[in-house]
Structure formats: structure tokens, C-alpha cells
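Taking it in order: structure first as C-alpha cells, then the write-up.
Laboratory data are not the source of any read-out in this text; all were calculated from the coordinates shown. Just so it is clear, the model here is predicted, and its values are computed rather than measured.
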Amino acid sequence: MTTTSTAPAPPPTVAPRRSPVRGVLIGVAIGIVFVLVAVLVFAVTRAPERGEDYLSPTSGSPVGARAVVNVLRDQGVDVQTASSLAGVRDLGVDPAEATILVYDYSLVLGSEQRDELLGLADRVVVMDPWDEELPDFAPGVELNLEAPADVYPADCDLPAAVKAEEVDVSPFAYDVSGAEGDATGCFETDDDTYAVVQTRTQGTEVVLVGFSQAFTNGSILDAGNAAFALNLLGEDETLVWYLPDLGELDSGDIDTPQSLTPPWVTPVIVLLLFLTLVAGVWRGRRLGPLVAEKLPVIVRSNETMEGRARLYQRARAREHALGALRIGTISRLATTCGLPRRSTVDEVIDATALLTGRDREAVADLLVDGIPTGDAALLKLSDDLLLLEADVTRVARGR
């Protein structure tokens with residue numbers, strides 16, 4: 001009787017203790033990643049904001065409005081600019097001879113400021129008014145969904161619209177069915193819904209324009225956009241181009257984000273960020289040294305094959321086992337026949353049948369089509385695959 005001795009496994013070794021600074025750095029890195037992800041999510045999900053030069057009378061960019069302003073000045077219109085309501089007042093324009101264009105995208109003006117604005121000119125053109133502005137500028141008119149981009153015909157008697165005939169825009173639309181005063185709609189997008197609405201509020205003519213982009217340098221030459229813009233803004237001797245800045249919030253009566261935020265929100269956010277950083281540092285620390293143990297285990301390939309075969313047998317996965325055998329056989333046959341690696345199974349079958357002189361259908365049935373009905377049939381197919389591979393090898397080598 002022969003006995004075999006097994007060499008004792010080497011004792012486990014303890015990995016060298018690493019500096020705790022590494023764990024702290026990992027925690028800080030996790031905290032930084034968290035902050036970056038939060039900033040990225042905020043940047044992606046927040047509402048898009050228009051740039052500072054949008055509709056700017058001095059900007060020559062595609063979203064600026066310098067082209068319209070320069071043409072109006074060439075036609076004799078005195079174009080004045082203002083960024084605050086006080087600036088509009090200081091201009092001292094004659095209300096009967098002035099038009100005020102106001103574009104309050106950030107809604108910094110309050111109701112009192114809008115009421116005052118209506119008294120500074122007999123004609124006010126409001127660009128892209130939103131829900132908060134409509135009750136003050138045009139009571140009863142409601143904002144509808146944005147209409148699709150299209151060329152809209154005038155279909156009204158507003159002089160600027162009649163001269164333009166049509167505009168090429170993607171407008172906001174305004175429902176005038178509930179307007180408290182007389183309202184004239186132009187460029188109809190739906191029933192009682194228009195892209196331009198002319199009405200009268202507190203004795204002042206108010207024109208709501210739902211397509212400010214038509215006044216920009218990049219779109220002014222489309223369709224009748226230029227004719228509409230120039231005739232709408234050039235009716236009076238003076239045009240005040242009023243783009244309210246955020247400084248108006250100090251004197252306005254609308255709520256700011258700071259005033260709407262409860263006082264406990266900021267401390268809670270700071271506390272959550274601090275706890276997140278602490279948790280990152282805590283989880284980043286090592287919970288003791290790692291133990292590296294060398295395992296002198298060698299698993300022979302035939303043991304792996306036999307173990308997998310037993311699993312296939314226990315699961316009665318004959319087709320799966322046969323598929324693995326066929327894949328290996330087809331790969332080796334392709335190499336023996338000198339076929340390229342990208343050869344199809346049909347090409348391997350044709351080459352095998354040609355070399356061995358066997359019937360192609362028989363080769364195809366052996367390599368692809370044949371289905372074993374039991375373990376005995378599976379063993380026979382396996383043996384037939386070995387014989388086929390041996391025949392091909394013998395013929396290919398000229399034996």
C-alpha cells in the first residue's frame with residue numbers, strides 16, 4: 001500500500017497595515033463625488049435659462065436684437081434702453097408718443113410695477129408674457145401650450161400683422177375666450193388661441209407677442225418676421241427697450257426664492273452634506289488588516305470537465321452538453337480544413353464532406369441537426385464526432 005504525504009500549507013500572512021490617511025482620503029473622495037453628482041443632476045434637471053444677451057438691443061449674436069434696433073434707428077425711431085423701472089421713468093418720454101417693449105423672462109416685476117409701467121406709455125408691447133404677467137397686462141387672457149413651429153398667416157387687421165402677412169415662428173399661444181376687454185387675436189394657432197393679442201388695459205394699448213425669437217438676429221429674416229417687428233415697434237417716435245434685471249426684485253412685490261424658503265431648510269441641507277461626508281469617511285476606513293492566505297490548490301482540467309459533465313447529466317441537459325461538444329468540434333474542423341476564423345458552419349460542413357467523401361446531409365446531421373433522445377444516443381453522437389474529426393485530420397495530413 002502506497003501512502004502519499006501532503007506538504008503542510010504555509011501559514012497565513014498578515015498584510016502590512018496601511019496608513020489611516022488612505023481611508024480618510026477615500027472618504028473625502030466619496031464626498032467630492034457625491035457633491036459633483038448633485039451639481040450635475042441640478043444642472044441637467046433645472047429649467048433652461050436664456051442667456052444674458054437674449055433680445056439685447058446691443059448684441060450681434062444670433063439671439064440678440066441689434067439688427068432690429070439699428071433698422072428702427074435708421075428709420076428715425078428714437079430707441080432708448082432701460083434695465084429698471086426707475087430708468088424708464090428717468091427717460092421722461094411722452095406717453096402719447098412712446099412705445100415700451102418689455103421682456104421680463106425672469107418675472108422680476110411685481111403687480112404694482114406692472115401697473116406703473118402701463119401708465120408710462122400709451123402703448124406697451126409685452127414679449128412672451130407668462131401666467132403671472134397676464135392678469136396685470138391682459139386680464140382674462142390665459143397662456144396656452146407652446147404651439148408648433150410653423151408659418152402662421154396674419155388673419156387679422158392689426159397693421160403690423162397685415163403688412164407682414166405671415167410669420168415663421170414657434171410661438172406661445174394665448175386663449176382670448178375669457179378676455180375681460182376687447183381683444184384682437186392674430187396668427188391663430190387654435191380656436192380662440194393666438195400668438196399675438198392686442199387689448200386695452202387701464203387705458204393703455206397692450207400687445208402680447210408670443211414669439212420673441214422672431215425679433216432676434218438669427219430669425220428676423222424668416223418669412224415676414226422683419227416686417228412685423230419693424231412695423232409693430234416703429235409706430236411711435238420713441239421706443240423704450242426695457243429688459244428688467246434682477247435688481248428690480250428689491251423693489252418688487254413678488255416673492256424671491258430666499259423669502260419662500262423656510263429658515264430650517266438651509267441648516268438641514270448643510271447637516272445632510274456633513275453627515276454624507278462623515279459616512280463616506282467612516283465607510284472608507286479599513287476594518288482591520290486583510291489576511292492573505294496562499295492556497296496551494298491545483299485543479300486539473302479533466303476534473304473540471306468531469307464535474308461539469310456530472311452537472312449536465314444531473315440536469316438532463318443533453319442538448320446543452322452536445323452543443324458544447326459540437327462547438328469545439330466545428331472549431332477544430334475549421335482549423336484542420338484551413339478555413340478562415342470567420343467561416344460559417346455551412347462552409348465547415350461543405351469542406352468536411354468534400355475531404356472525407358461523406359454525404360453532406362449526414363455530416364450536417366452530425367454537426368448540427370441530430371438531437372439525442374437519451375444518454376446512449378448522446379454517447380454515440382459524441383463518438384461519431386470524434387471519428388469524424390479523426391477522418392478529417394487523417395485526410396488533411398495525407399495519411
Listed by chain and number, the residues whose amide H is under 5 Å from that of THR201, excluding neighbours fewer than 5 places away on the same chain and using placed H, are VAL206
Just to check I understand the Karplus step: with θ = phi - 60° and J = 6.51 cos²θ - 1.76 cosθ + 1.60, what whole-Hz values come out for the range 125-137, glycine and proline as x?
9, 9, 8, 6, x, 9, 4, 5, 7, 4, x, 8, 8
So for the range 337-399, averaging the separation of alpha carbon pairs under 8 Å that are six or more residues apart and normalising by length, what relative contact order in percent results?
34 percent
Hey, what do the phi angles of the range 241-247 turn into as Karplus ³J(HN,Hα) couplings, whole Hz, using 6.51/-1.76/1.60 and θ = phi - 60°, x for Gly and Pro?
8, 10, 10, x, 9, 5, x
Scaled radius of gyration (Cα, divided by 2.2 N^0.38 Å) that the range 146-276 gives:
1.46
For a quick size check, give me the Cα extents of the range 81-216 along its three principal axes, largest first, whole Å.
40, 28, 27
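Taking 0.36 nm per residue of separation and subtracting the Cα-Cα distance, what length does fully extending THR335 through SER61 add?
Taking 0.36 nm per residue and subtracting the Cα distance, the gain is 92.2 nm.
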Taking 0.36 nm per residue of separation between THR344 and PHE274 and subtracting their Cα-Cα distance, the length gained on full extension comes to 19.1 nm
